[in-house]
Amino acid sequence: AQENILHFVNQDSTTRTIIFTAQAGLEEIPSLVIPGLGTANQTMPNSWIGNCYSVSEGAPNVPGMLAEFRFNGYAGACYFDVSAIVNPNDTEGVKMIFPKNSDTPVSGCQTFPCSNAYNKWDDVATLSTPDSELVVLLGTLSNARRRGLVARMPREFV
């Protein structure tokens with residue numbers, strides 16, 4: 001079986017700590033520190049269900065935009081979404097999630113609010129992919145970088 005891997009990409013100069021929360025009874029994942037403009041990979045357990053959020057250096061540990069996952073779910077697919085339900089005011093944490101080896105599907109956006117995320121409890125926003133590796137974008141992409149990378153961003157950051 002393929003490994004489940006989250007590829008975190010920090011789009012700005014802020015150091016961030018990723019806090020993972022597993023569904024009850026599943027393996028706990030230790031926090032992960034990602035330096036500004038850095039990347040980090042986290043291998044996830046088989047069939048892991050849970051979420052993570054980002055805490056900026058010097059900020060209080062308050063859950064923000066959630067990156068939600070279910071690895072090896074129905075038909076072996078990976079299910080994911082960006083959720084703004086817990087803290088829609090987080091504009092610095094999790095931004096987007098997409099499969100490493102494909103440009104689609106994409107959950108989340110660079111600027112919230114957007115229709116491509118869970119905004120209310122009954123939104124239908126969970127996406128799936130056969131890919132076991134996902135890219136999670138964090139932080140704010142600068143305007144200068146955004147202009148040049150919009151079309152190429154998923155490939156440039158991986």
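What follows is calculated from the coordinates using simple rules that are stated; it is not laboratory data. Values in this document were obtained by computation on a predicted structure and should not be read as measured data. Virtual Cβ from ideal backbone geometry, glycine too; neighbours counted across all protein chains shown.
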Discussion item. Going 7 Å from the Cα of residue 142 along its beta-carbon direction, which residues of the stretch 7-29 have the amide nitrogen within less than 13 Å of the resulting point?
Written reply: 11-14
Worksheet item: Fewest to most neighbouring Cβ within 10 Å: what's the order for 141, 134?
Response: 141, 134
Practice prompt. Quick one: work out the % antiparallel among DSSP beta bridges in the chain, nearest 5.
Written response: 85 percent
Fill in: For the chain, calculated [θ]222 nm from helices alone, where every DSSP H run of n ≥ 4 adds -39500 (n - 2.57)
-1500 deg cm²/dmol
Item to complete: Just subtract the alpha-carbon distance of residue 79 and residue 110 from 0.36 nm times their residue separation and send over the number in nm, one decimal.
Response: 9.1 nm
Discussion item. Per-residue counts of other Cβ atoms within 10 Å, averaged by peptide: what ranking do you get for 3-15, 61-73, highest first?
Written reply: 61-73, 3-15
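In percent, how large is the relative contact order of the stretch 33-141, given Cα pairs closer than 8 Å and 6 or more residues apart?
On the way: 230 pairs, mean separation 26.1, N = 109.
So the answer I get is 24 percent.
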Response to the item:
Result for the chain, cysteines with no Cys Cβ partner under 4.7 Å, is 52, 78
Worksheet item: When the Cα centres of the stretch 38-66 and the stretch 69-142 are compared, how far apart do they sit, in Å?
Response: 13 Å
Worksheet item: Out of [x] 26; [y] 22; [z] 33, which label holds the value of percent of Cα pairs over 25 Å apart that was computed here?
Response: [y]
Worksheet entry | Cα lying deepest toward the dipole's positive end in the chain, options 10, 67, 43, charges on Cβ | 10
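In what order do 120, 100 fall by count of nearby beta-carbon atoms within 10 Å, going from fewest to most?
120, 100
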